[in-house]
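Report on one structure; see the data block that follows.
The values are calculated or read from the model by the stated rules, or taken from the named source; none is laboratory data. None of these values were measured; they are calculated from a predicted model. Virtual Cβ from ideal backbone geometry, glycine too; neighbours counted across all protein chains shown.
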Amino acid sequence: MKLPDGQTAWLITRYDDALSALKDRRFSKDKLNTGQKQPWTPAFFKPLSRNMLDVDDPDHARLRGLLHKAFTPKMVENMRQRVESLTEELLDAVQPRGRMDLVREYALPLPTSIIAQMLGVPSGEQHNFHRWSSAIVSSQSSKWGAVRAIPPAIAFLRHIRKLIRLRRDKPQDDLTSALVQTEEAGDKLNEDELLSMIFLLLIAGHETTVNLIANDTLALLRHPDQMEKLRRDPSLVESAVEELLRFEGPVETATERYALEDVLISDSTVPRGGLVYVVLASANRDERQFENPDTLDITRQNNRHLAFGQGIYYCMGAPLARLETQIAINALLRCFPNLQLAISATKIRWKKGLVLRGVESLPVEF
């Protein structure tokens with residue numbers, strides 16, 4: 001297919017092919033490893049080109065190991081009480097009105113507040129970080145998207161640099177301080193890597209979960225039998241969220257890969273240097289892998305979806321996204337037994353972009 005910027009991309013859509021490609025070391029995340037030149041990048045943005053998602057091993061393994069040391073399962077689990085209390089605060093605030101935009105007033109502030117708190121971002125700056133992030137992740141939707149994303153990206157990076165300086169001078173009990181201080185076998189993040197890591201965490205740490213909570217709610221509203229089943233038995237929430245990840249996940253395609261050599265996939269050959277996108281949304285609806293793939297079944301078993309990717313680039317934030325979404329969905333259904341769309345489903349608008357999938361707004365009433 002032709003991308004908005006004129007590049008040709010190969011799409012991998014079948015489940016087995018997608019699973020194989022996500023693990024295949026013949027696909028590189030680093031365009032330089034295919035012998036191609038990187039497009040010109042302003043000096044201000046060059047640190048971002050070496051983020052954890054865009055480099056191969058051994059650099060990727062090193063960066064992932066350092067992040068894993070700071071972003072621990074214990075740190076995620078310690079956020080459970082905060083997630084629970086924040087969901088209650090958000091729902092209590094809108095309850096007297098009987099309606100809300102679920103994206104703006106619930107799905108957005110919850111993960112934004114949580115990842116910002118984990119990283120030590122001051123509460124007054126959280127709205128700006130989301131605004132800048134949204135502009136950046138939607139930049140692939142048109143030829144001029146990357147140009148329009150320059151001002152918010154500059155503002156975003158400027159504030160991250162400021163946060164890093166603050167945490168170097170006065171460390172706090174937060175993830176940014178942990179990343180500044182973390183070392184392993186005498187290694188640590190250099191300045192550019194630290195900037196890129198925090199930038200990635202702030203974007204990935206809330207953009208996908210905003211989409212996940214909103215997409216999940218919309219899917220349940222469109223399938224009232226499944227919504228009622230979950231409302232009657234909240235213990236189903238874990239399998240429900242896994243099914244919703246498969247059925248209407250927050251990520252449409254995995255981030256780009258490049259063929260290091262000619263790679264045969266099914267009956268097609270991706271040439272060396274070819275740009276590849278693994279279409280997770282398609283793989284997760286493949287009838288060869290999932291029985292009745294277009295049916296939402298919150299009790300589905302053996303649900304080996306690819307919503308969080310696979311292989312060495314599997315999403316490290318998956319446990320946090322699951323935690324937030326499980327709590328958010330159960331709290332929403334418990335508090336609002338008469339939850340319904342406030343507009344026709346045909347009027348719902350989806351965000352522009354190649355990688356992420358989510359609704360721009362979701363007016364509901366209760």
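Name the single residue that is modelled with the lowest pLDDT among those in segment 9-46 being of a type in the set (S, T, N, Q) and not in a helix (DSSP H, G or I). I'd like the intermediate steps shown before the answer.
Quick first cut of segment 9-46, residues of a type in the set (S, T, N, Q) only: 13, 20, 28, 33-34, 36, 38, 41.
Cutting the leftovers down to not in a helix (DSSP H, G or I) gives us 13, 28, 36, 38, 41.
Working: Thr13: 97, Ser28: 96, Gln36: 73, Gln38: 67, Thr41: 64.
Across segment 9-46, the extreme among qualifying residues is Thr41.
Consider only pairs whose beta carbons are under 7 Å apart and that are at least six residues apart or on different chains; among these, list those whose first residue lies in segment 67-89 and is among the hydroxyl-bearing types (Ser, Thr, Tyr) and whose second residue is crowded, with 18+ Cβ neighbours inside 10 Å.
Thr87/Leu110; Thr87/Ile327; Thr87/Ala328; Thr87/Ala331
Within the bounds of segment 344-357, is there any residue that is in contact with a helix residue (DSSP H, G or I) (Cβ under 7 Å, 6 or more places away or on another chain), under 18 Å from Ala219 (Cα atoms) and in a strand (DSSP E or B)?
Yes - at least one qualifying residue is present in segment 344-357.
Quick test for you: out of Ala240, Ala254, Ala214, Ala259, pick the one residue that is of a type in the set (Gly, Ala, Ser), in contact with a Ser or Thr (Cβ under 9 Å, 6 or more places away or on another chain), crowded, with 20+ Cβ neighbours inside 10 Å and within 20 Å of Arg304 (Cα to Cα). Please lay out each step first, then the result.
On the way: Ala254 fails: in contact with a Ser or Thr (Cβ under 9 Å, 6 or more places away or on another chain); Ala214 fails: within 20 Å of Arg304 (Cα to Cα); Ala259 fails: within 20 Å of Arg304 (Cα to Cα).
Selected residue: Ala240, the only one of Ala240, Ala254, Ala214, Ala259 that is of a type in the set (Gly, Ala, Ser), in contact with a Ser or Thr (Cβ under 9 Å, 6 or more places away or on another chain), crowded, with 20+ Cβ neighbours inside 10 Å and within 20 Å of Arg304 (Cα to Cα).
Only one residue in Leu202, Leu306, Leu245 is buried (at least 24 other Cβ atoms within 10 Å of the Cβ), under 30 Å from Ser361 (Cβ atoms) and touching a His at 6+ places or on another chain (Cβ under 8 Å), so which one is that? I'd like the intermediate steps shown before the answer.
Details: Leu202 fails: touching a His at 6+ places or on another chain (Cβ under 8 Å); Leu306 fails: touching a His at 6+ places or on another chain (Cβ under 8 Å).
Step by step, each of Leu202, Leu306, Leu245 is checked, and only Leu245 is buried (at least 24 other Cβ atoms within 10 Å of the Cβ), under 30 Å from Ser361 (Cβ atoms) and touching a His at 6+ places or on another chain (Cβ under 8 Å).
Would you check if there is a residue in segment 168-175 being touching a strand residue (DSSP E or B) at 6+ places or on another chain (Cβ under 7 Å) and closer than 23 Å to Arg131 by Cα? Quick ask: steps written out before the conclusion?
Filtering segment 168-175 down to residues touching a strand residue (DSSP E or B) at 6+ places or on another chain (Cβ under 7 Å) leaves none.
The answer is no; no qualifying residue exists.
When the residues of segment 119-159 are narrowed to those that are modelled with pLDDT under 80 and among the aromatic types (Phe, Trp, Tyr), which ends up farthest from Leu194 (Cα to Cα)?
Across segment 119-159, the extreme among qualifying residues is Trp144.
Suppose the filter is out of contact with any strand residue (DSSP E or B) (no Cβ under 7 Å at 6 or more places or on another chain) and either part of a helix (DSSP H, G or I) or within 19 Å of Pro319 (Cβ to Cβ) (or both); does Ala93 pass it?
Working: out of contact with any strand residue (DSSP E or B) (no Cβ under 7 Å at 6 or more places or on another chain): yes; either part of a helix (DSSP H, G or I) or within 19 Å of Pro319 (Cβ to Cβ) (or both): yes.
When the stated conditions are applied, Ala93 passes them.
Starting from segment 22-35, take each residue that is closer than 23 Å to Ala281 by Cα and list its partners that are among the polar types (S, T, N, Q) and assigned to a loop (DSSP other than H, G, I, E, B), counting only C-beta distances under 7 angstrom and pairs at least six apart or across chains.
Every condition considered, the pairs that remain are Leu22/Gln310; Lys23/Gln310.
Do you know which residues across segment 317-350 are surrounded by fewer than 19 Cβ atoms within 10 Å (Cβ to Cβ) and within 14 Å of the chain's Cα centre (by Cα)?
Ala318, Pro319
Could you list, in sequence order, the residues of segment 82-103 that are surrounded by fewer than 17 Cβ atoms within 10 Å (Cβ to Cβ) and within 26 Å of Met197 (Cα to Cα)? Outline the logic, then answer.
Taking segment 82-103 first, the residues surrounded by fewer than 17 Cβ atoms within 10 Å (Cβ to Cβ) are 82, 84-85, 88-89, 92-93, 95-99.
Passing the criteria: only Arg82.
Given (1) outside any helix (DSSP H, G or I); (2) over 14 Å from Leu220 (Cβ atoms), where does Pro319 come up short, assuming only one miss?
Going through the list (1) outside any helix (DSSP H, G or I); (2) over 14 Å from Leu220 (Cβ atoms), Pro319 breaks only (1).
Which of the residues that make up segment 293-350 are closer than 30 Å to Arg64 by Cβ and β-branched (Val, Ile, Thr)?
Passing the criteria: Ile312, Thr325, Ile327, Ile329.
Limited to segment 306-328, what total is found for residues that are touching a Pro at 6+ places or on another chain (Cβ under 9 Å) and aliphatic (A, V, I, L, M)?
4
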